Amino acid sequence: MSWSILELIRSNPEALEDSIKKRNLDPTLVKRAVELDLQWRKTLQEVEKIRHKHNQINSEIPKTAKEEREKKIQEARALLKELEAKEKELKEIEEQRDQLISSLPNILAKDVPVGPDDSYNVPIKVWGKFRVYKDDIEDFKKQLNGLQAEYETIDWRPVGHADMLETVLGLGNTEKASQVAGSRFFYIFDDIVWLDFSLLLYAIDIVTSKGYKLVVPPYMLRGEIIYSVIDMDTFKDAIYKIENDDLYLISTAEHPLAALHYKEDIEKDELPIKLAGFSPAFRREAGAANKDMKGIFRVHQFHKVEQFIYSLPEDSWKYHQELLGNVEEIFQGLEIPYRVVNIASGDLGACAAKKYDLEAWMPAQAKFREMISCSNCTDWQAYRMKIRFIDRKNNKKGYVHTLNSTAIASTRTITAILENFQKEDGSVEIPKVLRKYLEPFKAAPKDYILPRKKDTQMNRN
RNA sequence: GCCGGGGUGCCCGAGCGGACCAAGGGGCUAGCCUUGAGAGCUAGUAGGGAAAACCCUGCGCGGGUUCAAAUCCCGCCCCCGGCGCCA
């Protein structure tokens, strides 16, 4: 024992209730959990008493003379019947208890802003040189929460990333993709593909140079694993199931990386374990309805580099800052202006105790849009995955803390580049930091992605 | 996918229906001993419940047979070897 939620249920249910209320969930869940846990412990003791009696009789049987044996066996049989009924009762209570307890979200960190939805997210930092269309200045400033930002007013409105991709550059085709695969799929071509790869390599380069171990994980996981690493909402929104197998496509490398130490005890000295996973991410986007239907901002499939850390409980907040620091370094290198927001209680997923989003400025929309999420899940995932640390010196065991953060999500970052690095003539400058990853390839663009030529069709007219 | 062999605690490894605890070794941790190291000795080293003495559960996972399962039966997962298929 030592899972923080179970500890609170037994020692301080009020604190848990408070956290649940802030998430806009029903606080009576906690009362019910406390009751069920008490009932479970009581019934468990009853079951164990019967088992003990049965064990006692059993051990007497071989020592009993043949004539007496049958009597003992009957006695044991009778106890079994009694046991069966009690065990059934216990199992029912246990199932209810476990189901309820595992539906409880993580305990909120103290500094999570309280509020029902994303409008209560608190911007805590802005960085970069913003380009803002002249009519958007007021809108822009509103989104800064009073934080100071350096910005340049431009008198032309940049073209939105979707039109840039398909019309101006002619390097994407979502129409054909939706015909053959469905909406939210895409074909991308040439320079945009190079850009995708270079972003991934860039993020991998930065993160691995800090000692994160580079990993290509399984792209599918068994049901049991998916269910223990994810909450129900995410499951419904994101997860694709493979027909005929108990396999699910990953929606992020976070999940197979968390599963790398499934049901393991990790020696204290081996912590922290820092991983950098590369994988595609498959997402159903079932909850997104009609949001972001154009372009490649919100799609069913993209490439991602993910940071993941297993840490000792006492160190996890330090590493949460480290992950955010890495992400900021990546975006500062790209020179994409952004803000960091502290996600409000009502907008926070069940797994996380606290989450930062890094949101890039999108000048065509005059909005900040999420590029990266950086979460501390404390022991919520570790409890479900049964991942513990073991401190032999002090003969101590406990659940590790897990943290995850995007390092780069390819398609989203591309949309930010298409808007922020766009020139008035429709060309897109490639962030300087990416050039060295493009240099080895003859066909790859190096400095600019150019608008498509007024092609043959136009000339014919 | 098929045939054969296997999966026992932190590790090695015995046990193949009941005999007080899963024998025995190794490792690790603490204590004792020592000027120090080593050796030696003692204890601890799966999960859960209980204030505690204790008790229950645990031999890849899930079922079953039995008064009693590490041991017998069924299904699944994984590892090793062989055959087949394959980028």
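Screening A:T252 against (1) open to solvent by 20 Å² or more (accessible area, probe 1.4 Å); (2) part of a loop (DSSP other than H, G, I, E, B); (3) not aromatic (F, W, Y) leaves a single unmet condition, (1). Scanning segment A:394-409 for residues that are in contact (Cβ under 8 Å) with a residue 24 or more places away in the chain and either near RNA strand B (Cβ under 9 Å from one of its atoms) or not polar (S, T, N, Q) (or both) yields A:K397, A:G398, A:Y399, A:V400, A:H401, A:L403, A:A407, A:I408, A:A409. For segment A:96-105, the condition of being more than 16 Å from RNA strand B (Cβ to nearest atom), open to solvent by less than 50 Å² (accessible area, probe 1.4 Å) and touching a residue at least 40 places away in the same chain (Cβ under 8 Å) holds for at least one residue.
Quick one: which of A:V340, A:V327 is outside any loop (DSSP other than H, G, I, E, B) and surrounded by fewer than 24 Cβ atoms within 10 Å (Cβ to Cβ)?
On the way: A:V327 fails: surrounded by fewer than 24 Cβ atoms within 10 Å (Cβ to Cβ).
Only one candidate passes the filter, namely A:V340.
Residue count for segment A:1-54 under the criterion of being within 16 Å of RNA strand B (Cβ to nearest atom), in a helix (DSSP H, G or I) and either without any contact (Cβ under 8 Å) to a residue 40 or more places away in the chain or open to solvent by 70 Å² or more (accessible area, probe 1.4 Å) (or both): the result is 18. What single numbered condition from (1) surrounded by fewer than 19 Cβ atoms within 10 Å (Cβ to Cβ); (2) touching a strand residue (DSSP E or B) at 6+ places or on another chain (Cβ under 8 Å); (3) closer than 25 Å to A:G182 by Cα fails to hold for A:K236? For A:K236, the failing item is (2).
Quick test for you: out of A:K318, A:K355, pick the one residue that is among the charged types (D, E, K, R), within 16 Å of the chain's Cα centre (by Cα) and open to solvent by 20 Å² or more (accessible area, probe 1.4 Å).
On the way: A:K318 fails: within 16 Å of the chain's Cα centre (by Cα).
Going through A:K318, A:K355 in turn, just one is among the charged types (D, E, K, R), within 16 Å of the chain's Cα centre (by Cα) and open to solvent by 20 Å² or more (accessible area, probe 1.4 Å): A:K355.
The values are calculated or read from the model by the stated rules, or taken from the named source; none is laboratory data. In this text the structure is predicted, and so the values were computed from the model without any measurement. Backbone-built Cβ (ideal geometry, glycine too); neighbour counts: all protein chains shown. Side chains are part of the model used for accessible areas, which takes the heavy atoms of the whole protein and leaves out ligands, DNA and RNA. Shrake-Rupley method; radii C 1.70, N 1.55, O 1.52, S 1.80 Å.
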